[in-house]
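Chemist: Let me give you the structure first, and then I'll get to my questions.
Every number here is computed from the coordinates shown, using simple stated rules; none is lab data. Everything quoted here is computed from the prediction, not taken from an experiment. Ideal geometry is used to build each Cβ from the backbone, glycine not excepted, and the neighbour counts take in all protein chains shown.
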Amino acid sequence: MSKFREGRAKVWLRGVSNSSHTQVPSLLRKEVQGRTELGELEKQMITRFKDRSLPYIGTRPFDDWGWLFLMQHYGVPTRLLDWSENPFVALFFAVKYAEKYQNGNYKKDAVVWMVDPDEWNNQALEFQGYKGGILNVDDDQLRPFKPPADFSSIPQYCLAIYGAYNSSRIVAQRGSFFIFGAPDYSMEKIYQMSKISGCFEKVLIKKSVIGDICKELLDSGITESVIFPDLEGLAQEIKRDFGFEG
């Protein structure tokens, strides 16, 4: 990781418990008949979340971008892919939820993906002469991606964006995001097929060391209630502390 970080102003990281898992947002994994159906699905889910979440939230998001970030962190499928500025958060997600056999051995290698978000955006938007790095939701370059999106004309690439810190989980996890366009390619495929280079890399975590890394993180205070600063995180931590998880 340290070699990739050399000379870079920012590095975002993403931990994945299965090294063969492709980097595609949850919404775009759904099998549909076409792009139009996927766009309509996104629109309907945003509307449903807006209508039914009000009793559970203190402050309404200002716009559909804010709703999208809030939906993402509560598990509603979106075009957003989570990243973190904190390497310990990425490691936590890479190893904590890795699947085990009954004998306690881990089934798959895990991985931590790394990206230079400034360089990714600058290269992805080179055709526009863009050199501004990470985008904010009101930037012109994100206009075609604005939810609910028109999937008949949305771009094929994905872009690094700053999200609204409207959830304690986003704050705790130092959350950042990539917003995806058309649902044809994973982030790896976009990287391979485009002119983007030198800013996206993965570190393989062998399954034989996952248990040791889990222990090191917990001993260092990177626990469930730190990553998820709410009752769900506390409940997960208590379950583990009292031996109700393997």
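Chemist: Using only Cα atoms, find the angle between the long axis of helix 64-73 and the longest principal axis of the chain, and express it within 0 to 90 degrees, rounded to the nearest 10.
Modeler: 20 degrees
Chemist: Hey, which of these cross-link pairs are over 29 Å Cα-Cα: 30/100; 108/131; 131/206; 50/195? Before the final figure, lay out each step's value.
Modeler: Values: 30/100 26 Å; 108/131 39 Å; 131/206 37 Å; 50/195 38 Å.
Pairs exceeding the cut-off: 108/131; 131/206; 50/195.
Chemist: Say the dipole of the chain comes from +1 at the beta carbon of Lys and Arg and -1 at that of Asp and Glu; which of 26, 7, 80 then lies farthest toward its positive end?
Modeler: 26
Chemist: As an exercise, use a Förster radius of 51 Å and the Cβ-Cβ distance of residue 99 and residue 131 to find the FRET efficiency, rounded to the nearest 0.05.
Modeler: Working: r = 42 Å, r/R0 = 0.83.
According to the calculation, E is roughly 0.75.
Chemist: By count of other Cβ within 10 Å, fewest leading, how are 21, 73 ordered?
Modeler: On the way: 21 12, 73 19.
Least to most surrounded, the residues fall as 21, 73.
Chemist: Further question on the same structure: Can you work out D for the range 43-157 in µm² s⁻¹ from Stokes-Einstein, where Rh is the Kirkwood radius over C-alpha pairs, the temperature is 4 °C and the viscosity is 1.567 mPa s?
Modeler: Numbers: Rh = 17.3 Å.
The diffusion coefficient I find is 75 µm²/s.
Chemist: With runs of 4+ DSSP H residues as the only contributors, calculate the mean residue ellipticity of the chain at 222 nm using -39,500 (n - 2.57) per run, divided by the residue total and rounded to the nearest 500.
Modeler: Details: 10 runs with 87 residues, N = 246.
That comes out to -10000 deg cm²/dmol.
Chemist: Could you work out how far helix 210-219 tilts from the main Cα principal axis of the chain, as a 0 to 90 degree angle to the nearest 10?
Modeler: Value to nearest ten degrees: 80.
Chemist: May I ask you to sort 206, 189 by Cβ crowding, counting other Cβ atoms within 10 Å and putting the fewest first? Each step should come with its number before you reach the end.
Modeler: Working: 206 11, 189 14.
Exposure proxy ranking, most exposed first: 206, 189.
Chemist: Using unit Cβ charges (K, R positive; D, E negative) and no other charged atoms, how large, in debye to the nearest 20, is the dipole of the range 2-241 about its Cα centre? All intermediate terms of the calculation are to be shown ahead of the outcome.
Modeler: Working: 31 positive and 31 negative charges, 92 e Å.
Rounded to the nearest 20 debye, it is 440 debye.
Chemist: Averaged over all directions, how much area does the convex hull of the C-alpha atoms of the range 2-241 cover when projected, in nm²?
Modeler: Projected over every direction and averaged, the Cα hull of the range 2-241 covers 14.2 nm².
Chemist: Same structure, new question: Roughly what angle does helix 35-53 make with the longest principal axis of the chain, taking Cα atoms, 0 to 90 degrees, to the nearest 10?
Modeler: 60 degrees
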